[in-house]
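See below for the structure under consideration.
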Amino acid sequence: MKKFLSLMLVGCMIGAGILTGCKNGKDPDGEDPDKPDPGTPEVADDSIQTDRDSLDFVFNDLYNDKTMIDTANGFSQASDVTGGRFFVNGKYYKTISEVQSRQDVKLELYNDQAARMVNVSAGMEFTIPTTEEITVDYTLAALRTQYHFDDSVLTFSAESKNPYTSLSNAWYVYINEWGIRHLVNDTYYANQNLTWLNKDTLKFKVNQVDEKTGTSDGVRTYPTVPNGDLTTRPGYEIYRFDILVNEDVAEGETGRIERPYYNIGIIHDVKDNVNCGFFVMKSKENKAELMDAIMMSYRKISSKGLQRTYFDPGKPVEDPNWNEETTNFFRSFMTQKKKSWGVFNYSMPGDANSLVPGSGSYNEIYNKSVKIQNYIEEQCWGGKKFDVYMTYTHIGRGRDAQSIAAADAFHYYPLEMSKALAGGNGDGTKPVLEFTYQFTTNNNLVDQELTPMFDILRGDYDEYFAGLAKDIKAYGAPVMFRLNNEMNTDWTSYSGVMTLLDPDIFNLTWIHLYNIFIENGVDNVVWVWNPIADSCPYSGWGEDLCYFPGVEYVQLLGGTSYEFNNYAAETVDQEIVNFKKRYTALYEKNAKYFEEWGMIIGEFGCGSGGEIDSKTGKETVLGRNREAQAKWIEGMFEELNSDNPDPYVQQIKGLIWFNANDYINGKITNRLKFTDAEIGDRRGEDYLDLKDYAWKAFAKGFKDAEKFEN
């Protein structure tokens, strides 16, 4: 079996990767989940239990009504339950006789034809009509649960995070924006070579984009669904998709995609605009009927207890493939008291199209980059030198749906320019390279309905990735390799909303690239995993932990949390969120899992006020909040330079200011840049108004930080 195929087999175990016998996470409220619970003192293995009193309790007494009944699947009375598993706070128990308010309880009830899965703490239940014994992964139980049986992996998420509750059409907005947006778009299927198997039998209407107005409902520019299937189950609304990930496989050969059939079901009570069940099942064959049966068995019930997560990534470990220079860099970076600083301005060009020294526009771009770096160091930072040089590259400029892009459409590694602008190993003589690489062919413009993720699974980019690996190895010096940042969003082409609501695809492609690097002898890459602070879409299945590929493939934690500071001038003092609050919140989110990890803030910034108000879309005064920006920077350095730093500061090892703006119709919204216009890439913009504000704050902060250099 090919290595890639073997990875597919364990794809759903990536990250914490434990099945049934879950590791214990920390209670978010401080309680010890290892402490025995009254009424369930005896720990069991993962075998099915047959204690009659326990089975009668969960079926008859836990809810004191007919909650557990599912007549269609043979659960009419307690005696129909022949066995079960009782999962409480991270362990299976032999018996259960009560459920307490601080417990996370999951029940698995069996008869001779099906298994009833009861998520007591989330308040949802459903039946899997299979005679196979089911192995359950509760690693990320508060976010999602995965059920392994037969040749299938079923992921269930109990969702309850709709932010649009103030709207009269709250459910409609939520499900179209963050659930089915791409699943109802014909262009999406064509571009990714997917087949929408049940399109002709749907029981809901898709409003296609109007060719004249460019919208489907007067607001959005993508197809929408006014209502799901309201006829199959009275009182419930259902969205069902059966999809095949196509792959050209020669006769007698095995494909690289182990489970190419996706059966997706989303269901909610029509009276409930917040809670819903997300089901994504991948299999070796189409199991549409099984998913239909699951939809019929689903029920929202009263929640009891507290949901928990049992994720444990493990301590960061040095990659055994590293060379000595990279190992020494990593050890130094992890233990340093100083903070390593860098700036992103714009990307280095790759070595394709003759962009090498002495040819093409290489010299122009190189000289421009050096000029900007020197300007920032000397004028804006008061003499502070770059410790890190950050650049972006993605796969290419795009391709059509029929063929892989021509060779000259790929973006190549900037081998020569990265040697010239970076090339450091942490000794302070030259900046260390942070290389942000993204699995996108169109710079994250998801509205083009393009993602390369399925082609990566098919192996279409293997030769290109091998070339990337060889160039990075040829670069020689250590590279902080920041792969696919902000994956827990809806605007990146490698996010779950672009991959059939399945973050496992992100993990599989990450590991696939890692293995290609190792096969090509890459020994100088430190892998950086960098989600954004606040996951979007608001969901459990799309949270950052679902995208963690495993401690074997990651050595550094990345962080991103912006303060755009684009508020009205009269309200800025009340609305701006300082550095401490932003990154304390991020630390506390991560501390349960990544407390012992080092972090590099892969990109961040505080703006000075754009000429367009990002909330109202109206024009306003450019740079109006420069004083608040300077105070924000001053407060940041007070935290970073403290003699007794908070734990969140101790975790931060490096910071990259994102020295670029956001624009709407050519006008600045989020003004994060602080360089003078004459050396920038948009002539005519002037940042000299920041000279007595942000520039002075940076210069003073770096001067105060010199104590850590000694």
On the basis of being under 20 Å from Y538 (Cα atoms), within 19 Å of the chain's Cα centre (by Cα) and either among the hydroxyl-bearing types (S, T, Y) or open to solvent by 20 Å² or more (accessible area, probe 1.4 Å) (or both), does R144 make the cut?
no
Within segment 664-699, take every residue that is of a type in the set (K, R) and surrounded by 16 or more Cβ atoms within 10 Å (Cβ to Cβ) and give me the one that is nearest to E563 (Cα to Cα).
R671
If T429 meets every condition in (1) modelled with pLDDT of 95 or more; (2) farther than 30 Å from D692 by Cβ; (3) open to solvent by less than 10 Å² (accessible area, probe 1.4 Å); (4) among the β-branched types (V, I, T) apart from one, which number is that one?
(3)
State yes or no: is D80 touching a helix residue (DSSP H, G or I) at 6+ places or on another chain (Cβ under 9 Å), within 21 Å of M295 (Cα to Cα) and among the charged types (D, E, K, R)?
no
Go through the residues of segment 671-691 one by one and say whether even a single one is small (G, A, S), modelled with pLDDT of 95 or more and under 24 Å from G383 (Cα atoms).
no
For V525: the one exception among (1) without any contact (Cβ under 8 Å) to a residue 60 or more places away in the chain; (2) within 19 Å of D319 (Cβ to Cβ); (3) buried (at least 24 other Cβ atoms within 10 Å of the Cβ):
(1)
Take the residues in segment 535-558 that are acidic (D, E) and in contact with a helix residue (DSSP H, G or I) (Cβ under 9 Å, 6 or more places away or on another chain); name whichever of them is least open to solvent (accessible area, probe 1.4 Å).
D544
Regarding M296, is this residue at pLDDT 95 or above, open to solvent by 20 Å² or more (accessible area, probe 1.4 Å) and either of a type in the set (A, V, I, L, M) or in contact with a Cys (Cβ under 7 Å, 6 or more places away or on another chain) (or both)?
yes
Per the filter on segment 60-84, residues touching a strand residue (DSSP E or B) at 6+ places or on another chain (Cβ under 7 Å) and without any contact (Cβ under 8 Å) to a residue 60 or more places away in the chain are M68, I69, F75, V81, T82, G83, G84
Conditions: (1) touching a Leu at 6+ places or on another chain (Cβ under 7 Å); (2) closer than 23 Å to N328 by Cα; (3) of a type in the set (D, E). E543 meets all but one. Number of the miss?
(2)
Hits in segment 472-496 - residues which are under 12 Å from the mean Cα position of the chain (by Cα) and open to solvent by less than 10 Å² (accessible area, probe 1.4 Å):
L483, N484, N485, M487, N488, T489, T492, S493, Y494, S495, G496
Restricting attention to segment 490-511, does a residue exist that is within 23 Å of A190 (Cβ to Cβ), among the acidic types (D, E) and touching a Lys or Arg at 6+ places or on another chain (Cβ under 9 Å)?
yes
Selection from segment 598-627 of residues over 31 Å from the mean Cα position of the chain (by Cα) and outside any loop (DSSP other than H, G, I, E, B) yields E619, R626, E627
Condition set polar (S, T, N, Q) and crowded, with 22+ Cβ neighbours inside 10 Å, scope segment 439-468, selection nearest to M498 (Cα to Cα): answer is T451
Can you find, within segment 630-669, the residue that is modelled with the highest pLDDT among those that are basic (K, R) and over 22 Å from D387 (Cα atoms)?
K631
With (1) surrounded by fewer than 23 Cβ atoms within 10 Å (Cβ to Cβ); (2) modelled with pLDDT of 95 or more; (3) among the basic types (K, R) as the list, and R116 as the residue in question, which single condition is left unmet?
(1)
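Would you check if V136 is in contact with an Asp or Glu (Cβ under 8 Å, 6 or more places away or on another chain), buried (at least 22 other Cβ atoms within 10 Å of the Cβ) and among the β-branched types (V, I, T)?
On the way: in contact with an Asp or Glu (Cβ under 8 Å, 6 or more places away or on another chain): yes; buried (at least 22 other Cβ atoms within 10 Å of the Cβ): yes; among the β-branched types (V, I, T): yes.
Spelling it out, V136 is indeed in contact with an Asp or Glu (Cβ under 8 Å, 6 or more places away or on another chain), buried (at least 22 other Cβ atoms within 10 Å of the Cβ) and among the β-branched types (V, I, T).
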Filter segment 25-60 for residues that are within 19 Å of E98 (Cβ to Cβ), open to solvent by less than 80 Å² (accessible area, probe 1.4 Å) and either polar (S, T, N, Q) or modelled with pLDDT of 95 or more (or both) and give the result.
T40, Q49, D51, S54, L55, D56, F57, V58, F59, N60
Provide a single number: the residues in segment 632-648 that are under 15 Å from K581 (Cα atoms) and free of Cβ contacts under 8 Å to residues at least 60 places away in the same chain.
3
If a residue must be of a type in the set (D, E) and over 23 Å from the mean Cα position of the chain (by Cα), how many such residues does segment 562-592 contain?
3
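Residues are listed down the side, and each one gets a yes or a no for (1) assigned to a helix (DSSP H, G or I); (2) open to solvent by 20 Å² or more (accessible area, probe 1.4 Å); (3) among the hydrophobic types (A, V, I, L, M, F, W, C); (4) over 30 Å from N644 (Cβ atoms):
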position	(1), (2), (3), (4)
V343	no, no, yes, no
M348	no, no, yes, yes
V356	no, yes, yes, yes
S359	no, yes, no, yes
N363	yes, yes, no, yes
Y366	yes, yes, no, yes
N374	yes, yes, no, yes
G383	no, yes, no, no
T391	no, no, no, yes
Against the definition (under 20 Å from Q146 (Cβ atoms) and either within 17 Å of the chain's Cα centre (by Cα) or of a type in the set (V, I, T) (or both)), how does G542 come out, yes or no?
yes
Find the strands (runs of 3 or more DSSP E) located wholly in segment 165-281 whose residues include 1 or more that are open to solvent by 20 Å² or more (accessible area, probe 1.4 Å), in contact (Cβ under 8 Å) with a residue 24 or more places away in the chain and farther than 26 Å from M117 by Cα, and list them.
194-196, 236-245
Consider A585 carefully, then state whether it is assigned to a helix (DSSP H, G or I), in contact with a Lys or Arg (Cβ under 9 Å, 6 or more places away or on another chain) and more than 29 Å from S347 (Cα to Cα).
no
Evaluate the following for T155: is it surrounded by 17 or more Cβ atoms within 10 Å (Cβ to Cβ), among the polar types (S, T, N, Q), within 27 Å of D248 (Cα to Cα) and touching a Ser or Thr at 6+ places or on another chain (Cβ under 9 Å)?
yes
Which condition number in (1) closer than 26 Å to F333 by Cβ; (2) touching a residue at least 24 places away in the same chain (Cβ under 8 Å) is the one that I679 fails?
(1)
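Mind checking whether some residue in segment 644-654 is in a loop (DSSP other than H, G, I, E, B), out of contact with any helix residue (DSSP H, G or I) (no Cβ under 9 Å at 6 or more places or on another chain), open to solvent by 40 Å² or more (accessible area, probe 1.4 Å) and not polar (S, T, N, Q)?
No, there is no match, as no residue in segment 644-654 is in a loop (DSSP other than H, G, I, E, B), out of contact with any helix residue (DSSP H, G or I) (no Cβ under 9 Å at 6 or more places or on another chain), open to solvent by 40 Å² or more (accessible area, probe 1.4 Å) and not polar (S, T, N, Q).
The values are calculated or read from the model by the stated rules, or taken from the named source; none is laboratory data. None of the values given here were measured: they were computed from a predicted structure. Cβ atoms come from the backbone with ideal geometry, glycine included; neighbour counts cover every protein chain shown. The accessibility values were calculated without ligands, DNA or RNA, using every heavy atom of the protein model including side chains. Shrake-Rupley method; radii C 1.70, N 1.55, O 1.52, S 1.80 Å.
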